[in-house]
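Input: a single structure, listed below in structure tokens.
Every read-out reported here was derived from the displayed coordinates using simple, explicitly stated rules and does not represent laboratory data. What you see is a predicted model; the values in this text were computed from it and never measured. Glycine also receives a Cβ, built like all others from the backbone with ideal geometry; neighbour counts cover every protein chain displayed.
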Amino acid sequence: MISACILIRSSTGRYMDVVESLNKIPQIKNAFPVLGRWDVVADIEASDIEELTRIVRRIGRLGSVVFTETLVEMKGVEAHG
């Protein structure tokens with residue numbers, strides 16, 4: 001299983017349209033509007049990198065999405081603190 005976070009910039013004022021569209025995609029576990037440089041954040045769980053790629057490309061094709069940045073969880077890395 002691959003976990004990822006997608007940061008999304010939407011067309012002006014269209015962030016809730018994006019959230020509603022994302023909530024219809026089963027692999028999106030949570031999607032919510034945020035303040036700052038990005039308009040929406042989506043948490044994704046995909047079975048493999050190919051499925052993640054398909055989901056990210058699908059999101060990029062949504063009408064109100066201007067651009068995205070995908071952050072993929074690192075596996076096998078120990079936290080140092």
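Laid out as a table, the results:
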| item | result |
| --- | --- |
| Cβ-based exposure ranking for T12, T70, T53, in which fewest neighbours within 10 Å come first | T12, T53, T70 |
| Loop-located GluC sites (Glu not before Pro) in the chain, at most 10 other Cβ atoms within 10 Å (DSSP) | E78 |
| C-alpha long axis of helix 49-60 to longest principal axis of the chain, angle in ° | 20 |
| Local net charge near V41, Cβ-Cβ under 13 Å (Lys/Arg +1, Asp/Glu -1) | 0 |
| Neighbour cut-off at most 15 other Cβ (10 Å), DSSP loop, trypsin sites (Lys or Arg not before Pro), the stretch 15-81 | K24, R37, R61, K75 |
| In Hz, Karplus ³J(HN,Hα) per residue of the stretch 2-13 (6.51, -1.76, 1.60; θ = phi - 60°; x = Gly, Pro) | 10, 9, 8, 10, 10, 9, 10, 9, 9, 4, 3, x |
| Exposure proxy ranking, count of Cβ atoms within 10 Å, fewest first, for L35, L52, L71 | L35, L71, L52 |
